[in-house]
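Take a look at the structure below.
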Amino acid sequence: MSHVYFNGFLLTLGLIMAIGAQNAHVLRQGLRGEHVLLTVCVSALCDMLLITLGIAGLGSLFVASPDLMATARYGGAAFLLWYGTRALRSALRGGRAMDFAEHARMSRGQALLAAAGFSLLNPHAYLDTVVLLGSVGSQQAEDLRPLFAAGAITASVVWFVALGYGARLLVPLFARPVAWRVLDALVALMLWGIAASLLLA
C-alpha cells in the first residue's frame, strides 16, 4: 500500500515543481519575508482542496464541460494579466532592495486573497491537481484513493514550505535592487506568457 502513497507524492512533486504563477508568488513572498506562513498555508490548503475534489471526480466534470473550462480559462487569464502588469510596474520603478521598511507591505487580507487567487484562479493549477492528479487518483482502487490523496497532499505541503522558507537562502542576492528588477520583469513575462497561452488555447 505504501507504493500508492509514494506514487501520489512523486507525481504531485513532479507536477508542482514546474515554475508557474503560484510558485512565483510564493517565492516572492518568501524573499520579501511577507506573510510567508499565511501564503504557504493558503497555497497548500487550496491544493489540498483541489486534489481531493479531483480524486472525488471533479476532473471529469471539467473535461466534459467546455463552458466551465472557458470560464476558468478567461478568468484566470485576466487575473494573470493584472498581476503581470503589477510586477512589470515594480520592475520599471526599480530602486527596491531587501529593505522591508521601505516597500509597501500587503495587509493580511490582501496576502490571503493573492495566495488564494494564484491557487484558485489559475487554470494550470486545475489542470495539474483536478484533471491530471484526479484522473490518476480516481483509477486507484476505492480503498486506496485516500492513500494516494494523502501522498499528493504531503508533496504539496512539503514543496510550498520548502519554497516559501527556502527563499531566505537567496536573500543576500536580493539585497541588490537590480536583482528585484530582474525578478519582477521575469515574473511579469511569465504571467503574461501563461495568460497568452490560455487565451490562445
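The values are calculated or read from the model by the stated rules, or taken from the named source; none is laboratory data. Computed from a predicted structure; not experimentally measured. Neighbour counts are summed over all protein chains in view; Cβ atoms, including those assigned to glycine, are modelled from backbone coordinates with ideal geometry. Surface areas here come from the heavy atoms of the whole protein model, side chains and all, with no ligands, DNA or RNA. Shrake-Rupley method; radii C 1.70, N 1.55, O 1.52, S 1.80 Å.
Note: relative contact order over the chain, using C-alpha pairs below 8 Å and six or more positions apart, is 47 percent.
Can you sort Trp192, Trp82, Trp180 by solvent-accessible area, 1.4 Å probe, largest first?
Result of the area sort, largest leading: Trp82, Trp192, Trp180.
Annotation for the stretch 108-128 versus the stretch 150-201: alpha-carbon center distance of 13 Å.
Quick check: the angle from helix 108-120's long axis to the longest principal axis of the chain, C-alpha only, nearest 10 degrees? It is inclined by approximately 50 degrees.
Leaving ligands, DNA and RNA out of it, report the carbon-plus-sulfur percent of the accessible area of the chain at a 1.4 Å probe.
Using a 1.4 Å probe with all protein chains present, the chain comes out at 70 percent carbon and sulfur.
Taking only Cα atoms, what is the 0 to 90° angle, nearest 10, from helix 145-166's long axis to the longest principal axis of the chain? The helix 145-166 is inclined about 10 degrees to the chain. Placing +1 on each Lys and Arg Cβ and -1 on each Asp and Glu Cβ, with no other charges, gives the chain a dipole about its Cα centre of roughly 800 debye. Here the Gaussian network model covers the chain, with springs between Cα atoms less than 10 Å apart; of Gly151, Gly76, Gly57, Gly57 fluctuates the most.
Computed over protein heavy atoms with a 1.4 Å probe, the accessible surface of the stretch 1-200 works out to 50 Å² per residue. Using a probe of 1.4 Å, the accessible surface attributed to Leu61 totals some 90 Å² when neighbouring protein chains are kept in position.
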